[in-house]
Structure formats: C-alpha cells, structure tokens
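Visitor: Pasting a structure below so you can have a look.
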Amino acid sequence: MKLVFAGTPEVAVPALDALIASGRHEVAAVVTRPDAPAGRGRHLVASPVAQRAEEAGIEVLKPVKPRDEEFLARLREIAPDCCPVVAYGALLPRVALDIPAHGWVNLHFSLLPAWRGAAPVQHSIMAGDEITGASTFLIEEGLDSGPVYGTVTEEIRPTDTSGDLLTRLAFAGSGLLSATMDGIEDGSLKAVPQPADGVSLAPKISVEDAHVDWSAPALRVDRVVRGCTPAPGSWTVFRGERLKLIHVAPATDRTDLTPGELGVGKNNVHVGTGSHAVELLWVQAQGKKPMRAADWARGVRIASGERLGA
C-alpha cells in the first residue's frame, strides 16, 4: 500500500522505522506537528519524526491544523491507501479521515477500551495495572473508540516508570502496526468493534496530578512518582520550594514517620506516608541537577521534624 505516516515525538519513530524497513509498503510522506521551540535558546526544532523522515528522504508535511486546505489538497494528490498514526498530537477532521481508502489506523498504547486518551501509559501505572499493551484501531471521530485490528500485551514491572514502559511499547507496537498494514492490504484482517464495557479514560496528566499527597499510602506515592516520570515529573514542596521526585522505593520496615515527615540517616532519606514510609532515592531541587537524595539531604541540612508537603 501507499502510506502517509502521521506522528510527532520520539516514541513514534520505531513505528516509522518498521514501516520503512518492511519493504512491503511505500511510505510516501510523513505528517507531523510544526517545528517547536526547544532548548535554552528556544530555537525552532523539527519533531523527531520529521528528522527521521528527512534522513530517509521522505516528504514531510507540517500543517498548523490538519484541516488546512493546502495540506488536504496535498494529501489528495498523494492519494494514500492508508494513514498509520502514532502520537501525532492533533485532532483529525472528518474531511481528512475520508481521504485514504482504508482510513487512518492508530497505534494506541493501551488495551482498548481501557485507557482511552492522551496518557494511557501514565494512568495504567498510577492505577496499579499489572498488564497493559498496545492496540491498532481505525480512527473515528470519537475518542479512541474505533474498531480494533489487533493488540499486543506487555507486563508492567514493579519498578517501571512511564518512560520505561512507553519505550518497550513503542518497539512492540511498531511490529503490531506493521503487521496491521500487511493484514489490511491482503484482506486477512478485519477491525472488531470495541466492547461497551471496560471503558476507562486517560486524560493528559497535569502538573497538579503529579503533586504527591503524603497522606496517601506508600504504594500510591510510588505509583504516582513512577507514572509521572519522566513527564510531567512528580513533585512536592520543601521549605516553600518545589522538589522534584525522580525515584522512590517503598520501605515497609519503616513505620515511625508521620505523613510527609523526613527521617534522615547517614546514607538514606525516608518520608512518612499514610501507611509505611518510602525511601527517597533521587530528587531534583529547584534550579539544580538531579542528585541522590542522601547528597541532597546533606546539602540542605535537614533538621529534626522537618517535612515535605505544604
């Protein structure tokens, strides 16, 4: 088939690579978000997908909005058979959805109908799921509600951050998306409507969602930190300033600290929660680089009875 691939961030690059490498289909063009400011100088930088497409000599389309007439006209000229999508980042209007003969097929990082929305991996970890996966589905105008072509499953490991899990799903999902294109082309694959039961939503994680509540149980604190790492980054307050929490670990043997209370040893730092404590392993103070929590504690000279949180 002739394909136009839509995607933007680094997590979409493995799927694009898989389609280019397959040799079975032609990736005629790539659709991605416009260049965005990045780095200290805030210079405009092309998306990771755009950079990869340019390296491969593939035409790159960067519409401000996918309903822009110039973009739609070019898409009609290319006349793709199908448009595979991975984390493109913009809502596709009906006029665009109708152009490819086989529609737009999205690789979504959950087992639909669970975790429809922008942040399925983060929500899956924060909810304590043990298994997740990726799904390919035909895009409709509803939120991730279209019929499903296929799935792959992935175990969520006890120490997984959303970054860890998303990386594994990006590579597992790339094979699924490539196989889905093959099945659509030869007619062996038909999309199956999602069940009405089991729907859950995964909206974008806000900065406030990533604010750790020390009165919650240690298991919940650990899940929030892992689910919000690397983005948007979980945080708390210490001496009136934000402290980013990069890595914590439940400490079931420490039950003497009240929620938010700090317990500092020679080489460790514990914080009380609504159950047992958690150990702070890596933190990042405002304006500082990430550091081991024990080094941070020595630097700020924590007094007895000091605590984290408002």
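Visitor: Work out which GluC sites (Glu not before Pro) in the chain are exposed loop sites (DSSP not H, G, I, E or B, at most 13 other Cβ within 10 Å) and give the longest gap free of them.
Guide: 1-129
Visitor: Then there's this: In the Gaussian network model of the chain, springs joining C-alpha atoms below 10 Å, which of 133, 89, 150 carries the largest mean-square fluctuation?
Guide: 89
Visitor: Okay, next question. If I take every Cα pair under 8 Å that is 6 or more residues apart in the chain, average their sequence separation and divide by the length, what percent do I get for the relative contact order? Don't jump to the answer; show the numbers that get you there.
Guide: Working: 679 pairs, mean separation 40.6, N = 310.
Reported relative contact order: 13 percent.
Visitor: In addition: Between 210, 297, 91, whose Cα lies farthest towards the positive end of the dipole of the chain when Lys and Arg beta carbons carry +1 and Asp and Glu beta carbons carry -1, centred on the Cα centre?
Guide: Of the candidates, 297 comes out farthest on the positive side.
Visitor: If you plug each phi of the range 135-146 into the Karplus form 6.51 cos²θ - 1.76 cosθ + 1.60 with θ = phi - 60°, what whole-Hz ³J(HN,Hα) values come out, in order, with x for Gly and Pro?
Guide: So the J values, rounded to whole Hz, are 9, 10, 8, 7, 6, 10, 7, x, 6, 6, 9, x.
Visitor: Just to confirm, what accessible area per residue do you get for the chain at 1.4 Å probe, in whole Å²?
Guide: Details: 14790 Å² over 310 residues.
Computed with neighbouring chains in place, this is 48 Å² per residue.
Visitor: Residue 27's amide H: which non-local residues (gap 5+, or another chain) put their own amide H closer than 5 Å, with H modeled 1.01 Å from N in plane and none for Pro or chain starts?
Guide: Here the answer is 3, since their amide H atoms fall under 5 Å of that of residue 27.
Visitor: Just how large is the dipole of the range 11-57 about the Cα centre, in debye to the nearest 20, putting +1 at every Lys and Arg Cβ and -1 at every Asp and Glu Cβ? Please report the intermediate quantities before stating the final value.
Guide: Numbers: 5 positive and 5 negative charges, 47 e Å.
The dipole of the range 11-57 has a size of about 220 debye.
Visitor: Per DSSP H run of n ≥ 4, the term is -39500 (n - 2.57); total these for the chain, divide by its residue number, and report the mean residue ellipticity at 222 nm rounded to 500 deg cm²/dmol.
Guide: Numbers: 8 runs with 82 residues, N = 310.
The helix-only estimate for the chain comes to -8000 deg cm²/dmol at 222 nm.
Visitor: Let me ask something else. Using a ≥ b ≥ c from the Cα gyration tensor of the range 127-172 (square roots of the eigenvalues), is it rounded, prolate or oblate, where a/c under 1.5 gives rounded and otherwise the larger of a/b and b/c decides, a/b for prolate? It would help to have the intermediate numbers written out before the result.
Guide: Values: a/c = 2.40, a/b = 2.09, b/c = 1.15.
Prolate, since a/c reaches 1.5 and a/b exceeds b/c.
Visitor: Positive end of the charge dipole of the chain (Lys, Arg +1 and Asp, Glu -1 on Cβ, about the Cα centre): tell me which of 252, 172, 264 has its Cα farthest that way.
Guide: 264
Visitor: Summarise the accessible area of the chain (1.4 Å probe, protein heavy atoms) by the percent that is carbon and sulfur.
Guide: 52
Visitor: To continue, here is another question. Quick check for me: using +1 on Lys/Arg Cβ and -1 on Asp/Glu Cβ, what's the dipole size of the chain about its Cα centre, in debye to the nearest 20?
Guide: About 1260 debye.
Visitor: Mind listing the Cα extents of the range 176-310 along all three principal axes, in Å, largest one first?
Guide: 68, 31, 26
Visitor: Taking only C-alpha pairs under 8 Å that are 6+ residues apart, what is the relative contact order of the range 107-247 in percent?
Guide: Working: 253 pairs, mean separation 40.6, N = 141.
Across the range 107-247, relative contact order equals 29 percent.
Visitor: Using amide H atoms built in the peptide plane, which far-off residues or other-chain residues are under 5 Å from residue 201 H to H?
Guide: Placed amide hydrogens put 115, 116 under 5 Å from residue 201.
Visitor: Another question, if that's okay. Just name one of 22, 7, 224: the one whose Cα is farthest towards the positive end of the charge dipole of the chain (beta-carbon charges, Lys/Arg +1, Asp/Glu -1).
Guide: 224
Visitor: Among rounded, prolate and oblate, which fits the chain when a ≥ b ≥ c are the square roots of the eigenvalues of its C-alpha gyration tensor, a/c under 1.5 means rounded, and a/b larger than b/c means prolate?
Guide: prolate
Visitor: Between residue 151 and residue 77, how many nm apart are label points set 7 Å from Cα along the C-beta direction?
Guide: Placing both labels 7 Å along Cα→Cβ, they lie 4.2 nm apart.
Visitor: Follow-up question, since we're still on this one. Output ³J(HN,Hα) for the range 279-294: one whole-Hz value per residue in order, computed from phi by the Karplus curve 6.51 cos²θ - 1.76 cosθ + 1.60 with θ = phi - 60°, and x for Gly and Pro.
Guide: Here the 3J(HN,Hα) series is 8, 7, 9, 9, 9, 9, 6, 4, x, 10, 7, x, 8, 4, 4, 5 Hz.
Visitor: Compute the signed sum of charges (Lys and Arg +1, Asp and Glu -1) over the other residues within less than 13 Å, Cβ to Cβ, of residue 153.
Guide: Its environment carries a net charge of -3.
Visitor: I need to check one value: relative contact order of the range 171-310, counting alpha carbon pairs closer than 8 Å and at least 6 residues apart, in percent.
Guide: Details: 233 pairs, mean separation 28.6, N = 140.
About 20 percent, as a whole number.
Visitor: Over the chain, what is the percentage of antiparallel beta bridges among all DSSP beta bridges, to the nearest 5? Could the numbers behind the result be given before it?
Guide: Numbers: 37 of 54 bridges.
Counting DSSP beta bridges with both partners in the chain, the antiparallel share is about 70 percent.
Visitor: Expressed as cubic angstrom per residue, what is the convex hull volume of the alpha carbon set of the range 101-179? Please report the intermediate quantities before stating the final value.
Guide: Working: hull volume 6.3 nm³, N = 79.
In the range 101-179, the Cα convex hull volume per residue is 79 Å³.
Visitor: Further, regarding this structure: Once you mark the trypsin sites (Lys or Arg not before Pro) that are in a DSSP loop and have at most 14 other Cβ atoms within 10 Å, what is the longest gap between them in the chain? Walk me through the numbers before you get to the answer.
Guide: Numbers: sites that count: 24, 40, 42, 190, 204, 239, 266, 288, 301.
Longest run free of exposed loop sites: 43-189.
Visitor: If you don't mind, another one. Using unit Cβ charges (K, R positive; D, E negative) and no other charged atoms, how large, in debye to the nearest 20, is the dipole of the range 267-310 about its Cα centre? Write down the numbers at each step before the final one.
Guide: On the way: 6 positive and 3 negative charges, 38 e Å.
That gives a dipole near 180 debye.
Visitor: So what J values fall out for the range 165-170 if you push phi through Karplus, 6.51 cos²θ - 1.76 cosθ + 1.60 with θ = phi - 60°, rounded to Hz, Gly and Pro as x?
Guide: 5, 5, 4, 5, 5, 4
Visitor: Next up: For the range 52-78 and the range 256-281, what is the separation of their Cα centres, given in Å?
Guide: Answer, in whole Å: 52.
Visitor: Could you tally the net charge around residue 298, taking each other residue with its Cβ under 13 Å from the Cβ of residue 298, Lys/Arg +1 and Asp/Glu -1?
Guide: Working: positive: 266, 292, 301; negative: 295.
Neighbourhood net charge equals +2.
The values are calculated or read from the model by the stated rules, or taken from the named source; none is laboratory data. Keep in mind that what you see is a predicted model, and the values were worked out from it rather than measured. Counting neighbours? That spans all protein chains shown, and the Cβs are built from the backbone with ideal geometry, glycine included. We work out accessible area using only protein heavy atoms, side chains counted, and drop any ligands, DNA or RNA first. Shrake-Rupley method; radii C 1.70, N 1.55, O 1.52, S 1.80 Å.
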